[in-house]
Structures are given as C-alpha cells and as structure tokens.
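A.B. asks: Got a structure for you, questions after.
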Ligand SMILES: Cc1cc2nc3c(=O)[nH]c(=O)nc-3n(C[C@H](O)[C@H](O)[C@H](O)COP(=O)(O)OP(=O)(O)OC[C@H]3O[C@@H](n4cnc5c(N)ncnc54)[C@H](O)[C@@H]3O)c2cc1C
C-alpha cells in the first residue's frame, strides 16, 4: 500500500480581541462544536460563541440514530463515545411510529444506533474541538450581526461587556430559536401543534415488575410494556427506558389534554402517575429515582415542525436545529444536524482558504435540504401513526403488515438512517456508490508481507479528500497527481465487499464523488474523474 496523507499546519494563530477571524460559530451545542472540529481539521480555526457559561443540565437526546454513527467513526469519535474499539454494527431491530421494525433478516441493514446522552456527545465534541485548537468563548452571546460584501460584523454580549467581532462567515448553530436566523431575516415556515403533552421523569421501578427475559415492564392488570420502545394504546403513548448505570426514564404522551388559559402547576411524579393511568388504564407503582441527581421531571406541550426557507444568506449560514426542527420521535435530530456540519465544514474551509469559489457553498443547501425534508416527512408520518383513535389503530394494523416484508423494513431503516438521500455529484449517476457515503472497505496494508488490514474509516480521520485506487494498475492515482496538494491518494488492495469497486474519489465528508468498478478504468471514466476532482477541489495545480 502506498499512502500520502497531509496534515495542515498553517492554522492561524490564537485569536486576540479585535483580530478578525475567518469563521464565527454562534452556538456551542453539538452541531456548533462538530462544525468547529470539521473546520479545524480542514485548516480553519473558528471562534465558537456559546451563550451559556456552563453546559446545561437539561436532558435532551438519549442516543444517536442513523448514518451519523458511521460518520463519527470516520473521525475516531465513535470509539470515544462508546469505548468500543470495534467498528459500528447495525442493530437487529428498532421502532417506527411505535411499531416494531424487525431488521434481523434484512440484507445490508443500514441502521446503526448508540445509546449516549447528549451531554456526553457535547463533552466529547468539546474535548476534540479543544484538542484541535478551537477557541470556545463561553458566556458570550451573539446579539447582532451586520453582513456586508466582505464579511460579517458580529455584536456580542460577553462577560466583560458588549464587543464586536469581524468575521468572514458566521454560522448560526444556535438552536431552534436561532438568533442568527431571526437577525438574518430568514423565514422559518412550518406548523406548531399545541394539542400534545408529553411528561417525562427519571423514576425507580420495583424489581418485581421487570420481566427478566426481556427487561420489559410487566404492569399488573395490563401486561408488558417493552423497553426502549414507544408503546401506543388508544389513549396515548408510554415509553420505558431502563438505561444502564442511571435511573430508568418513563415518558407518556397524550393528545387534546392541554387546558387553555390555565397556568399548570409544576410537573410532579403524581402528574406522571395519573397520565400513566389514563394511557394504560391501570396504576403503575413507580417511585422517585434513586441516587444523586440531577433528575429529570419535564412536561412539554406543543411541538414545532419547521424548515428554514434558506440555509444560507450570503455570508451567514444555518446548521442543525437553527435550520430545522421537528418531532423528536425516532431520535433523528443529531443524525440530521451533525451530518449538516460535516457537509458544510470542508466546503466552508475550502472557500475561506481561497481553494474553492463561493458557489461551492450552494451545494450545502442543495445536498442537506432534501435530508431535512425526509426527516420532516418521516417524523410527521410517525406522529400520525401514534395518534389515538380507532382509525389510527386500523392504519397501524396495515402498516405493521407492510413492515413484515423485509424490503419495506429496509426502506424504513434507510429512511431513519438518512442513507436514502443520494447527493447529486454532477456528471450523472454512473456508479451506484456515487453520491452515497463510501462503504467502510477493508484494505490490505501488508501486500502479502505479513502486514495487517485497515478500514477506510481509519484512513479518513484527517478529513482530507481521498482517491482510493484499488486497480492493480495506478491510472486513477496518476490522474489525480495534479491535485496532490489537496487530495490524498492511496493505492491498495482490498478484500470483501470491495470487489464491486476498483477506485473511489471520497470527499472529506465521506461521500463518493466518483467511482469505478473497472480493473482498468477507460479514458471516459478517467475524464469523469478529472471532472469530479475539478468540481469539488478546484483546478489541477
Ligand atoms: C426532549 C428532546 C429529546 C430529544 N431526543 C433526541 C434523541 O434521542 N436523538 C437525537 O438525535 N436528537 C434528539 N433531540 C434533538 C436534539 O436534542 C437536537 O437536535 C440538538 O440539540 C440540536 O443541536 P444544536 O447544536 O443544533 O442546537 P442546541 O443543542 O439547541 O444548541 C444551541 C446552542 O446555542 C446556544 N445559543 C443560543 N443562542 C445563542 C446566541 N445568541 N449566542 C450564542 N450562543 C447561543 C445555546 O445556549 C446552545 O448551547 C431531542 C430533543 C429534545 C428537545
């Protein structure tokens, strides 16, 4: 195997107050931090402004669902999050609209899930961003912005008072109530539903109520409530999540139960007990959580499904919840948002470094809006499937029949994974891998001399463009030599599933920009390769 990997060393020095910066990110949540990591890997060190002086205790995501897990693996972050040195493995089943999704017999199952609290995701990303030299300013709130032709002046309220910061680009990763979005005049059309109410608490459950075989709750007078699944009755929804090493979480969801004009009392365990009784028709004898807090006790009314009318306004961009909000059902939020940032990071860095025209930034929205639209679609579909009423029960029966067909189960799994969206790479869809996340090929590194093997995911940690030449010749690698300052080339042998592919051009976000299955790509394929190299990485040197 021959390998040429470059690491940037020309990152700008630590910013000092008053010094213009290339990129400011408003929001140090998961998506702002991930974007910061991606920019830093690509040689641009952003400043992250985070309004909160310390990370919030508010519990949000309990896990990551979908292709983002494979993407995190490509940055070495999967192992940091899970402690598992093995590659991510697809799950044998999940749930869609509170219906079981059996993926055990599904060929090429695309669905990965990890159970990790959002707080931990943020810790790991902040740790990585700090390692990469990103400056995170906690207690600094974006309060105003004035874009012009050359950059953006950000107004900031910091611990020492207000100040301004001049930047080339400003990315709003400042959540669903994004100040960046509002200040930029970007619309946020969609719907607000105010007829739902969900109640969540950490609790303790008597051991006698746990089914030893399945870990389900065995509710006296009702029966089994499976763990880690939304469980629907005609009166509402209940979910029981018995996490390892922390107290179980119990959630209910009901419809048409908000009382207009009345200020509700603070949420309590008794309120949750009454809700469980309405949903299941019987009492569930649970108690307060054991151990030290903070413990969760939350009532959420209403829900928004909204999509920004544009993800970019000149030098201002939106990512994550700032660009899209939707129901949390099925846990799609971070799958969508973190992949936004991995899509945007290398493109923005290339533009900032003068290595790509501004037009490259247009592909951020053209590639990521369809992904957001799919999430809006499937979360709304799931919300319809969990609603109360006899007609919904009938719809669920039919849907459950359809899900028993492995082809349909795979379709839903791909939708939840976000792997159903294929990016338009230009130049047609010549190869089935083009526009998709590259498969995690196993590459022989020994060349028959006793060496080991390496996964593609281990070679993409630098987030550099990569031309992988598995032909026994070297014509794709030679073709890319004019881009050697920007694109790493690697000639190797591969085993397993890689027999279907002989060469791949992989963008920094892991997506295939060009591919060949031919052991000796012809002039037409090599011309397409040159076109792809030029389109994504500029003219040859
Ligand atoms: C109850 C619940 C459960 C969920 N469960 C899941 C799940 O299981 N799986 C999943 O993938 N997703 C889940 N989600 C969705 C997930 O939490 C969000 O998609 C995610 O938090 C979005 O990250 P973000 O970085 O875009 O925004 P946020 O997490 O909202 O972070 C934005 C950051 O910007 C800061 N900020 C705001 N305004 C400013 C400003 N003017 N200046 C500077 N900083 C500012 C905020 O303080 C915050 O730290 C859930 C959400 C909720 C509410």
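Nothing in this text is a laboratory measurement; each read-out follows from the coordinates by a stated rule. A quick note: this is a predicted structure, and the numbers were derived from the prediction, not measured. Reconstructed Cβ throughout: ideal geometry from the backbone, glycine too, with neighbour counts over all protein chains shown.
A.B. asks: Determine the calculated [θ] at 222 nm for the chain from helices alone, applying -39500 (n - 2.57) to every DSSP H run no shorter than 4 residues and normalising by the residue count; nearest 500 deg cm²/dmol. Can you show the working numbers first?
C.D. replies: Numbers: 13 runs with 150 residues, N = 541.
Mean residue ellipticity, 222 nm, calculated: -8500 deg cm²/dmol.
A.B. asks: Moving on. So if we plug the beta-carbon distance of residue 148 and residue 120 into 1/(1 + (r/R0)^6) with R0 = 25 Å, what FRET efficiency do we get, rounded to 0.05?
C.D. replies: The computed FRET efficiency comes out at 0.05.
A.B. asks: Quick one: angle between helix 30-41 and the longest Cα principal axis of the chain, in degrees between 0 and 90, rounded to 10, please.
C.D. replies: The angle comes out at about 10 degrees.
A.B. asks: Can you compute the FRET efficiency between residue 267 and residue 401 using 1/(1 + (r/R0)^6), with r the Cβ-Cβ distance and R0 = 41 Å? Round to the nearest 0.05.
C.D. replies: 0.60
A.B. asks: Can you give the angle from 0 to 90° between the axis of helix 362-386 and the longest principal axis of the chain, with both taken from C-alpha atoms, to the nearest 10?
C.D. replies: 20
A.B. asks: Obtain the nm distance between the two label points defined at residue 359 and residue 164 by a simple spin-label model: each point lies 7 Å from its Cα along the Cα-to-C-beta direction.
C.D. replies: The answer from the label model is 3.3 nm.
A.B. asks: Name the shape class, rounded, prolate or oblate, that the alpha-carbon gyration tensor gives for the chain, where a ≥ b ≥ c are the square roots of its eigenvalues, rounded holds for a/c under 1.5, and otherwise prolate holds if a/b is larger than b/c and oblate otherwise. Numbers along the way, then the final one.
C.D. replies: Working: a/c = 1.99, a/b = 1.37, b/c = 1.46.
Oblate.
A.B. asks: Among rounded, prolate and oblate, which fits the range 33-103 when a ≥ b ≥ c are the square roots of the eigenvalues of its C-alpha gyration tensor, a/c under 1.5 means rounded, and a/b larger than b/c means prolate?
C.D. replies: oblate
A.B. asks: Please give the helix 390-403 orientation as an angle from the longest Cα principal axis of the chain, in degrees from 0 to 90, rounded to the nearest 10.
C.D. replies: On a 0 to 90 degree scale, this one is about 40.
A.B. asks: Applying 1/(1 + (r/R0)^6) with R0 = 51 Å to the Cβ-Cβ distance of residue 534 and residue 380, what FRET efficiency is obtained, to the nearest 0.05?
C.D. replies: Numbers: r = 40 Å, r/R0 = 0.78.
Computed FRET efficiency for residue 534 and residue 380: 0.80.
A.B. asks: In nm², what is the average projected area of the convex hull enclosing the Cα atoms of the range 96-199?
C.D. replies: That works out to 12.3 nm².
A.B. asks: With a point put 7 Å past each Cα toward its Cβ, work out how far residue 472 is from residue 310 in nm, to one decimal.
C.D. replies: So the label points at residue 472 and residue 310 sit 5.4 nm apart.
A.B. asks: How high is the relative contact order of the range 243-366, given as a whole-number percent (alpha carbon pairs under 8 Å, six or more residues apart)?
C.D. replies: Working: 81 pairs, mean separation 19.7, N = 124.
Relative contact order of the range 243-366: 16 percent.
A.B. asks: Calculate, in nm to one decimal, what residue 177 and residue 246 gain on full extension: separation in residues at 0.36 nm each, minus their alpha carbon distance.
C.D. replies: Extra length available between residue 177 and residue 246 comes to 21.8 nm.
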